[in-house]
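These notes are about the structure you will find just below.
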Amino acid sequence: MNPESLFAMALGITPPWEVEGIEFSKENKRLDIKVGFTRGATFACPVCGAAAPAYDTKEKTWRHLNFFQYEAYLTARVPRVKCPNAGCGVKRVSVPWSRPDSGFTLLFEALVMTLVREMPVKVAAALLGEHDTRIWRVIDHYVQSARAQVDHSGVRRVGMDETSARRGQDYVTLFFDMDQRRLLFGTEGKDHKTVKAFTEDLKAHNGSAENVTAASLDMSKAFIKGVRDTLPNAEITFDQFHLIQHMNDALSKVRAEEAKLFPEQMRGSRYAFLKNPENLTEKQDETLTRLCNYRLKTARAYLLKLALQDVYFAPTREDGDHWNGILAWFDSKLSNGFIEAINGLIQSAKRRAIGSRSTKNLINMAYLIAGKLDIRLPTLDSDDPI
Ligand SMILES: [Zn+2]
């Protein structure tokens, strides 16, 4: 077996394509495989599929999997065909080892997609010796083609949450299927229009805004407006995680103001107020008991926070007081808890997306991590060409 047929076999190159030559340069640390086609070969017209002879050719090069430690490239003369059906015109044929407009072979892209699940894109790019924008383009292609296939007809209960894309600058809003626990949609911004964008995407994937019966959100006016405007049948549940967080923020503010007035008495109370009674140290417990006797606003705020937490521990809505906006939770039991967990992953995605220039990249990474997408990658274990 000569090297040409060995490489043709290993690469899965089949007629009319053939390996014409192999060039290895130790200095340039690369292997070049030249691919051509047999004289007089015909190719399928990309428009109608009719067999047509080559009209002219253009040389193209694709990065392939490394040959040991050396970079490997495929170069081929890619023909345009002049179809017998005049309506089709003269068109460039597609090659079996790469998708149109990619500078990588399919197997190289499969390697890219495997790596970026495990490490930051920047690291993967450095490892592969490629610029990270090229890697992001590959990710975008596979994530978007997988997303094009998803079906959202079963979506009934949704949760939404905003996250900062970069340090306090741009925001993205993520929409989740609360039952399937997957990311449905991500978009730039954090205003009410994000909810509209979500319903449009839902519709584009066989879902319907009318089908959504419950929405879990924080108390952001923008989200509330968005839900009221575009999800007509959704009952709102305010997410407890955010409620308690709001409460703690408010409590900290009150405490800071009062600490200015009564620095002596309030000393050492900062963390005590953020804890639940059962988690207090003995000393913190003493401090709090003492402060509660001073009739401080902070102490009242603390008791309110505990009351709010108690609401969620009450066995039923009747036992839990009548804070209706909040208490829809007793019916829906919706909580963004898992979203917060996913958010942790997204934050790590943010770190993985270091060097990304756009929120689009971050959203794609979020889909990759939390979208439960069926990403189809070419594999080696078949007779498929490269
Ligand atoms: Zn044609």
Those residues of region 48-79 that are within 16 Å of the ligand (Cβ to nearest atom) and either over 28 Å from Glu130 (Cβ atoms) or in contact with a Gly (Cβ under 6 Å, 6 or more places away or on another chain) (or both) come to a total of 8
Residue set Glu18, Glu27, Glu23, Glu59; condition part of a loop (DSSP other than H, G, I, E, B) and of a type in the set (D, E, K, R); output residue Glu27
Only one of Cys45, Cys83 that is within 16 Å of the ligand (Cβ to nearest atom), buried (at least 20 other Cβ atoms within 10 Å of the Cβ) and under 37 Å from the mean Cα position of the chain (by Cα): Cys45
Over region 179-199, the set of residues in contact with a Ser or Thr (Cβ under 8 Å, 6 or more places away or on another chain), at pLDDT 95 or above and either among the charged types (D, E, K, R) or not assigned by TED's automatic domain parsing to the domain that holds Val212 (or both) is Lys196
Note on region 125-150: residues acidic (Asp, Glu) and outside any helix (DSSP H, G or I) are Glu130
Just a yes or no: is a residue in region 122-137 within 14 Å of the chain's Cα centre (by Cα) and under 29 Å from His192 (Cβ atoms)? no
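Yes/no per residue for (1) closer than 27 Å to Asp170 by Cα; (2) over 34 Å from the mean Cα position of the chain (by Cα); (3) assigned to a strand (DSSP E or B); (4) aliphatic (A, V, I, L, M):
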| residue | (1), (2), (3), (4) |
| --- | --- |
| Glu210 | no, no, no, no |
| Pro232 | no, no, no, no |
| Thr237 | yes, no, yes, no |
| Ile244 | yes, no, no, yes |
| Val254 | no, yes, no, yes |
| Ser269 | no, yes, no, no |
| Thr298 | no, yes, no, no |
Does Lys58 qualify as being surrounded by fewer than 16 Cβ atoms within 10 Å (Cβ to Cβ) and either small (Gly, Ala, Ser) or free of Cβ contacts under 8 Å to residues at least 60 places away in the same chain (or both)? yes
Conditions (1) touching a Phe, Trp or Tyr at 6+ places or on another chain (Cβ under 9 Å); (2) at pLDDT 70 or above: number failed by Arg357: (2)
Would you mention how many residues in region 86-124 are away from the ligand (no atom under 16 Å from the Cβ) and assigned to a loop (DSSP other than H, G, I, E, B)? 14
Candidate set from region 86-126 (those that are of a type in the set (Lys, Arg) and more than 23 Å from Lys58 (Cα to Cα)); member that is surrounded by the fewest Cβ atoms within 10 Å (Cβ to Cβ): Arg117
Looking at this structure, is Glu162 surrounded by 14 or more Cβ atoms within 10 Å (Cβ to Cβ) and within 15 Å of the chain's Cα centre (by Cα)? yes
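The values are calculated or read from the model by the stated rules, or taken from the named source; none is laboratory data. Quick caveat: nothing in here was measured; it's all calculated off a predicted structure. Neighbour counts run over all protein chains shown; Cβ positions are idealised from the backbone, glycine included.
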